[in-house]
Each structure stands twice: as C-alpha cells, then as structure tokens.
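Beneath this line is the structure, given in structure tokens, with notes to follow.
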There are 2 protein chains.
Amino acid sequence: MGNKENTHKNIVETAFKMFSDNGFDKTSLSMIAKEVGISKPAIYYYFESKEQLIDYIFDEICKEIEHQNDFSLDRISIDNFEAELISIGYRMIEEHEHDEYFNKIFNEYILLASRNEKYRNRLYEIQKGYLTTYYDLLKFGVEIGAVSAGNIESKANLLGMLIDNIGNFMLTGFQLDYRGIWKEAVTSVLKEDKS
Amino acid sequence: MGNKENTHKNIVETAFKMFSDNGFDKTSLSMIAKEVGISKPAIYYYFESKEQLIDYIFDEICKEIEHQNDFSLDRISIDNFEAELISIGYRMIEEHEHDEYFNKIFNEYILLASRNEKYRNRLYEIQKGYLTTYYDLLKFGVEIGAVSAGNIESKANLLGMLIDNIGNFMLTGFQLDYRGIWKEAVTSVLKEDKS
DNA sequence: GTCTATAAGCAGATAGAC
DNA sequence: GTCTATCTGCTTATAGAC
C-alpha cells in the first residue's frame, strides 16, 4: 500500500535518469529494475510496457515545461523592459546550468518526435507556446513604447530560437559566453530602426 | 571486383538513409542487408561491425560539413556586406529544405556525442569552425567599415547559433518565416550602436 | 565476394507461485 | 506487490561452403 507509490516513484525517477544518461534504446528494463533494486516483472505491475513508461515520463516533462512557461508581465515597464528581457534569458541559462538530465532526455524526445507522430503534436504545442511567450512580451513592449513596432514576430522567433539553442549548446559542453550572447541579442533587437 | 565498390557504396548509402529514418538502434544490419538486397554477413565483409559502419558514415558527414563550411570573402564589400550575409543564411535554409536526411542523422550523432567521447571532439571542432566562420566574417566587416566594432564575438555566436537552430526547427516540421527571422537577425546585429 | 547455417546473448513480455 | 522461471523473437557476429 504505502510501498506502491514509493516503488512507482522510484521506477520513474530511476528511468528518467538512466534514459537521460544512456538513451531509451540503450536502457533496458532489466537495467532499470536492477538499479531500483526490484525484479523486472515488478515494473510490469506499474507499467504495461516500456513504451508506456517512456510515455509517462514524456507526459511529466511536458507538464513541467508547460507549467514553468508562463512568466507574468506585471513587473515590466518601459524603464526596465530591456533589463527584464535580459534577465529572463539569464534565468533560463542558470536553470540549464543546474539541470544536467532534463535537456538530454528532452532532446531524446525531440528525436523520437521527428519519427513518431504521437510525441510530435505535444512538442509542437510546447514549442509554439514557447515562441508565443516572446511574441506576447514584445507586443507588450510595443504597447508601452519600449519596442519599435516593426517585425515583432520575427524578432520574437529570433529570441526564442536563440535561447533554445543556447540550451542545446550548453548540453554539448560547449563553453561560450552565453549571457553575453543573449544580452547582445536583446539589445540588438531592441535597437531603434534606422529608417 | 567492379562489384566490390558498388556494394560498399550501396551499403553506406542505404545505411545512411535508414539510420536517418529510424535511428541507429532501430536499424539492424538485417534490415540494411535486406534493403540493399544482400545477405547480412556480406556487410561484415566490408565493415568489421555495426559500430564501424556508423563511424564510417560519421566520418563522411564530418568531411562534407568541413568542406562546405568555407565560403570566401572575395565578393564581399561595404556596399553588399549586409546583403551577402543575408544570402549566406538563405542558402543554408535552402539546403535544409532539400535535404531531409542529413539533419536527422546529424542530430543522431549529436546525441551520440553527448554520451560518447569518440564523436564529441570531432563535432566540437565542427561547431567551433562553424562559429568561427561568422566571427571572421564580422571581423572582416569591421575592417571594411560595414560593422561597428563592439561585441563582435557575441554577435557572431548569435548568428551562428540562430542559423543552426533554424535547421533544427525545420527538421521538426515547424513552419515559420525562417528567411524573415534570419534577415531580422542580420539587420539587428548590423544596426549602429545607440551610444 | 557472397552465401546458408548457426552460435550466443539480451531484449520485451508473460505465467504463475507466494 | 513482488518474485522465479520461462517464452519468443531479434540482435550482433562467426564458421565455413561455394
């Protein structure tokens, strides 16, 4: 009874870590069971198949992303718009620095999604929401006069895609001045149009 | 005799396509052999192991990238600098549009590299060279007076990382105005500094 | 060079006892 | 809930004939 939830949690957390370390295909249920300290059939008491375990973790990850993806516009004014935008990126970079597993397994799911429709739609919505956040932010910036009105959509996509790839580059262990890059991007985008 | 090179080529090309479609782990040597129209042991005549086949294709891909990664600065002047930079990105976008397999298998190798040192160093050098190209371009732009001198490195990394992720986004089937995003990035980066 | 036959091992998954 | 024992199928890889 009390143990049931515990074992379930152990399986999920161990699988998450091992999938992240080795990938889905190179992590067998036997390996997970051994690491958890149970037998392989015990996993089948909680999950119908390996695929269902992978799907369960996918769902958990998606929920977490969807949840953390809405930051409020409350504190933002014309005076601190640029600084706030910069610090949003800084916060993302910081999260990545303390989060070795998440990005790795997420890339695993992205590759899965490129071949399996089941994961594609959900990730599509996440990516869309992700870019939309930057769009809403810049649109708000236009309203309060902190951003010039041209090409808001492209600017938003530019920022969203850049911060996304900063996460990927960090994953590969590439050492760059990511904060400097992000700051440069924000200030460049917010610069007045010449014309 | 004449057949030897042909079979070798068939194996490599078929494997490339199938690895791209299904991933390494979900493409067995039996599947490749069947698709080529030979028996499985025939593959072992050309490659010692599956891993060696994967490595061979990795080497081919790296060589191709390294080769196509140097565009000359000859045609570039102060008058056409921005336009040339924009068209460099456009050309990359166009390549991606006609190249369904390359990006997919390349991402497969990136994920491999995140777990296997053997692939890591080579990809590291490619990524570095990639970003360096944009750095050299911008530095040249500074010399001829087409770019203001501040933060060249961050600007170069920004452009390099953006065009890289444009490729990734295209892979996922995400429909965006990638040319507009790239153009916005280039013009933003080349805008005069306010101060 | 390419084949048939086969070895050895591990994968996902199930039966059934406790 | 968790176990031991087991099934089926597929994997990489090899032996040896032609």
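Filtered by the rule that a residue be more than 20 Å from A:LYS26 (Cα to Cα) and away from DNA strand D (no atom under 11 Å from the Cβ), region B:7-35 gives B:THR7, B:HIS8, B:LYS9, B:ASN10, B:ILE11, B:VAL12, B:GLU13, B:THR14, B:PHE16, B:LYS17, B:GLU35. Among residues belonging to region B:16-40 that are small (Gly, Ala, Ser) and touching a Lys or Arg at 6+ places or on another chain (Cβ under 9 Å), point out the one that is farthest from the other protein chains (Cβ to nearest Cβ). Looking at residues that are small (Gly, Ala, Ser) and touching a Lys or Arg at 6+ places or on another chain (Cβ under 9 Å), I get B:ALA33. The residue that is nearest to B:ASN116 (Cα to Cα), among those in region A:1-22 that are open to solvent by 60 Å² or more (accessible area, probe 1.4 Å) and of a type outside the set (Asp, Glu), is A:LYS17.
Looking only at residues in region B:152-161 that are open to solvent by 10 Å² or more (accessible area, probe 1.4 Å) and facing another protein chain (nearest Cβ under 7 Å), the one that is nearest to A:SER114 (Cα to Cα) is B:ASN157. Just one residue in the set B:ASP99, B:ASP164 is under 14 Å from the mean Cα position of the chain (by Cα), at the interface with chain A (Cβ under 7 Å from one of its Cβ atoms) and among the acidic types (Asp, Glu); that residue is B:ASP164.
Within region B:23-57, restricting attention to residues that are acidic (Asp, Glu) and surrounded by 14 or more Cβ atoms within 10 Å (Cβ to Cβ), the residue that is farthest from DNA strand C (Cβ to nearest atom) is B:ASP55. In region A:180-193, the residues that are more than 17 Å from A:GLU153 (Cβ to Cβ) and facing another protein chain (nearest Cβ under 7 Å) form Cβ pairs under 8 Å with partners that are among the hydroxyl-bearing types (Ser, Thr, Tyr) and open to solvent by less than 10 Å² (accessible area, probe 1.4 Å), at six or more places apart or across chains, as follows: A:LYS191/B:SER188. Residue under question is B:ILE126, and the condition is that it be touching a residue at least 60 places away in the same chain (Cβ under 8 Å), more than 9 Å from every other protein chain (Cβ to nearest Cβ) and not hydroxyl-bearing (Ser, Thr, Tyr); does it hold? Yes; evaluated as a whole, the condition is true for this residue.
Scanning region B:63-85 turns up no residue that is open to solvent by 90 Å² or more (accessible area, probe 1.4 Å), within 16 Å of DNA strand C (Cβ to nearest atom) and either out of contact with any helix residue (DSSP H, G or I) (no Cβ under 9 Å at 6 or more places or on another chain) or away from chain A (no Cβ under 14 Å) (or both). Only one of the numbered conditions (1) at the interface with another protein chain (Cβ under 10 Å from one of its Cβ atoms); (2) acidic (Asp, Glu); (3) open to solvent by 40 Å² or more (accessible area, probe 1.4 Å); (4) closer than 30 Å to A:MET18 by Cβ is violated by B:GLU117, and that is (1).
Of the residues A:GLU125, A:GLU84, A:GLU48, the single one that is under 13 Å from the mean Cα position of the chain (by Cα) and either within 16 Å of DNA strand D (Cβ to nearest atom) or in the same structural domain as A:TYR178 (by TED's automatic domain parsing) (or both) is A:GLU125. Within region B:165-177, the set of residues being modelled with pLDDT of 95 or more and open to solvent by 20 Å² or more (accessible area, probe 1.4 Å) comprises B:LEU176, B:ASP177. Taking region B:178-195 as the range and being modelled with pLDDT under 95 and either outside any loop (DSSP other than H, G, I, E, B) or touching a helix residue (DSSP H, G or I) at 6+ places or on another chain (Cβ under 7 Å) (or both) as the test, only B:LYS191 passes. Scoring B:ALA149 on the criteria (1) outside any helix (DSSP H, G or I); (2) within 11 Å of chain A (Cβ to nearest Cβ) leaves a single failure, condition (2).
The values are calculated or read from the model by the stated rules, or taken from the named source; none is laboratory data. Just so it is clear, the model here is predicted, and its values are computed rather than measured. Here the Cβ is made from the backbone with ideal geometry for all residues, glycine too, and neighbour counts use every protein chain on show. Note: accessible area is taken over every heavy atom of the protein model, side chains too, but ligands, DNA and RNA are not part of it. Shrake-Rupley method; radii C 1.70, N 1.55, O 1.52, S 1.80 Å.
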